[in-house]
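What follows is calculated from the coordinates using simple rules that are stated; it is not laboratory data. Nothing here was measured: the structure is a model prediction, and the numbers come from that model. Cβ placement follows ideal geometry from the backbone for every residue including glycine, while neighbour counts extend to all protein chains displayed.
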Amino acid sequence: MALSYNRMWKLLIDKKMSKADLRKAADIAPNTMTKLRRDEAVNLAILGRICETLDCDFGDIVEYVKETEDNSAAL
């Protein structure tokens with residue numbers, strides 16, 4: 001499964017928040033932030049807290065990116 005959190009990083013820029021600000025406001029563990037930076041899957045409850053903190057919907061922070069053979073080989 002290929003996920004992208006690029007929408008969330010762009011939203012943070014729009015809201016003038018740093019990743020550290022988000023981590024503290026949404027009470028996210030440092031290792032979970034690392035997973036987000038690496039576009040890895042995280043618990044849905046975490047995404048819910050992020051949405052609550054940023055006042056947005058899931059689609060505003062994460063998107064599913066269809067894997068191609070090129071992407072799969074890179075993983």
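A compact table of results
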| quantity | calculated |
| --- | --- |
| All positions within the range 18-27 that are without any contact (Cβ under 8 Å) to a residue 12 or more places away in the chain and surrounded by 14 or more Cβ atoms within 10 Å (Cβ to Cβ) | 23 |
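Table: residues versus (1) exposed (fewer than 12 other Cβ atoms within 10 Å of the Cβ); (2) within 25 Å of residue 67 (Cβ to Cβ); (3) of a type in the set (S, T, N, Q).
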residue: 4; (1), (2), (3): no, yes, yes
residue: 7; (1), (2), (3): no, yes, no
residue: 10; (1), (2), (3): no, yes, no
residue: 29; (1), (2), (3): yes, no, no
residue: 35; (1), (2), (3): no, yes, no
residue: 44; (1), (2), (3): yes, yes, no
